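Quick notes on the structure that follows.
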Amino acid sequence: SELAELRSKAATMLVGRDPIRATKVLEERLSAAKSLVEKQGALASLASIGSSQADAIVESWAERLERGDVPAALQLDVIEAASSRGFKESVAVFDSKRSQGDPLAAFMECLEGGDANLGERVTSTHLGAQCIRCHRFSSAPGSKIGPNLKDIGQKEGDYLLRALVNPGADIAEGFGVVTVSLKDGSSVSGTVGSEKADTLEILGLDGSAKVLEKSAIASRTEAISTMPPLAYVLSKRELRDVVAYLKTLKGN
């Protein structure tokens, strides 16, 4: 809520004026506040104080992280606070318990706790991700290179996170790029438009469309995603915010 955000900002301002008093206030917020925003802000502020008293509180939360006793929506905040204050062994223990062989395991702390408003800003303004270059997030006109995500929030959180960090895992029909090799030795690449019993339409990324006779096709590849894995583009905090934003897109 706006009130919770105001309280969080007020506590942050207190850090600069009276860090000792701020430490007590922030400790109380962590234990008693119902607002996730206040708890997240308290962890970040405590990490910025750098006193022995503040570090003791951060360390206690780092130990909770080791035990698996930190709510999902606060895990990233504890990881960041613990790492910045030197409690990296606790983070290492947490990391060691991640599921092996699961590509999403390294990013599970991005599933909960994000800020949807910040996530929307990332999708529209982040120069590295360039989400709006390929996607639309409403019924308004826009790019058709990638699928319209206006109702993507109907999917589970795991699906949304996987779409960001491993976009090739779930390719929406008609949007993956295929390469078609023809019997005359030439090839055509693009997305599949329409496919009929004897013809295949390939839509080029330049907006062109080419209808191929299937009898002239030697082979075709499986569809691959043109979207880069955003785990290499966005921070975990940004990923968490984008997941939170995508969850709000219910198609209404």
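The values are calculated or read from the model by the stated rules, or taken from the named source; none is laboratory data. Here the structure is a predicted model, which is why all the values come from computation and not from measurement. When we count neighbours, we look across all protein chains shown, and the Cβ atoms used for this are built from the backbone with ideal geometry, even at glycine. Please note that ligands, DNA and RNA were not included when accessible areas were found on the heavy atoms of the full protein model with its side chains. Shrake-Rupley method; radii C 1.70, N 1.55, O 1.52, S 1.80 Å.
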Considering only the stretch 178-188, state which residues are exposed (fewer than 14 other Cβ atoms within 10 Å of the Cβ) and under 18 Å from PRO147 (Cα atoms). none
Go through the stretch 1-26 and give me each residue that's out of contact with any Leu (no Cβ under 8 Å at 6 or more places or on another chain), open to solvent by 90 Å² or more (accessible area, probe 1.4 Å) and not small (Gly, Ala, Ser). GLU2, LEU3, LEU6, LYS9, MET13, ARG17, ILE20, LYS24
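Which of the residues that make up the stretch 136-180 are aromatic (Phe, Trp, Tyr) and either without any contact (Cβ under 8 Å) to a residue 12 or more places away in the chain or touching a Pro at 6+ places or on another chain (Cβ under 8 Å) (or both)? Step through it out loud before you land on a result.
From the stretch 136-180, those aromatic (Phe, Trp, Tyr) are 137, 159, 175; that's our starting set.
Hits for the stretch 136-180 are TYR159, PHE175.
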So ILE171 fits all but one of (1) open to solvent by less than 70 Å² (accessible area, probe 1.4 Å); (2) assigned to a strand (DSSP E or B); (3) of a type in the set (Val, Ile, Thr); what number is the exception? (2)
Among the residues of the stretch 125-157, which ones are surrounded by 12 or more Cβ atoms within 10 Å (Cβ to Cβ) and either outside any loop (DSSP other than H, G, I, E, B) or among the basic types (Lys, Arg) (or both)? CYS131, ILE132, ARG136, LYS144, LYS150, ILE152, GLY153, LYS155, GLY157
Look at ASP69 and say whether it is under 23 Å from LYS97 (Cβ atoms) and either in a loop (DSSP other than H, G, I, E, B) or open to solvent by 50 Å² or more (accessible area, probe 1.4 Å) (or both). yes
For the structure I just gave you, tell me whether LEU36 is of a type in the set (A, V, I, L, M, F, W, C), in contact (Cβ under 8 Å) with a residue 40 or more places away in the chain and open to solvent by 20 Å² or more (accessible area, probe 1.4 Å). yes
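Taking the condition of being in a helix (DSSP H, G or I), in contact (Cβ under 8 Å) with a residue 12 or more places away in the chain and surrounded by fewer than 21 Cβ atoms within 10 Å (Cβ to Cβ), how many residues in the stretch 231-252 meet it? Quick ask: steps written out before the conclusion?
Narrowing the stretch 231-252 to residues in a helix (DSSP H, G or I): 231-232, 236-247.
Filter once more, keeping what is in contact (Cβ under 8 Å) with a residue 12 or more places away in the chain: 231, 236-247.
Imposing the further condition that a residue be surrounded by fewer than 21 Cβ atoms within 10 Å (Cβ to Cβ) reduces the set to 231, 236-237, 247.
Residues in the stretch 231-252 being in a helix (DSSP H, G or I), in contact (Cβ under 8 Å) with a residue 12 or more places away in the chain and surrounded by fewer than 21 Cβ atoms within 10 Å (Cβ to Cβ): 4 in total.
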Filter result for the condition that a residue is at pLDDT below 90 and either on the phi > 0 side of the Ramachandran plot or small (Gly, Ala, Ser) (or both), over ALA92, ALA105, ALA140: ALA140
Complete set of residues in the stretch 94-109 that are in contact (Cβ under 8 Å) with a residue 12 or more places away in the chain, part of a loop (DSSP other than H, G, I, E, B) and under 20 Å from the mean Cα position of the chain (by Cα): PRO103, LEU104
If we scan the stretch 97-118, do we find a residue that is loosely packed, with under 12 Cβ neighbours inside 10 Å and among the small types (Gly, Ala, Ser)? yes
Residues of the stretch 215-230 being in a helix (DSSP H, G or I) and either of a type in the set (Gly, Ala, Ser) or at pLDDT 95 or above (or both), in sequence order, are SER215, ALA216
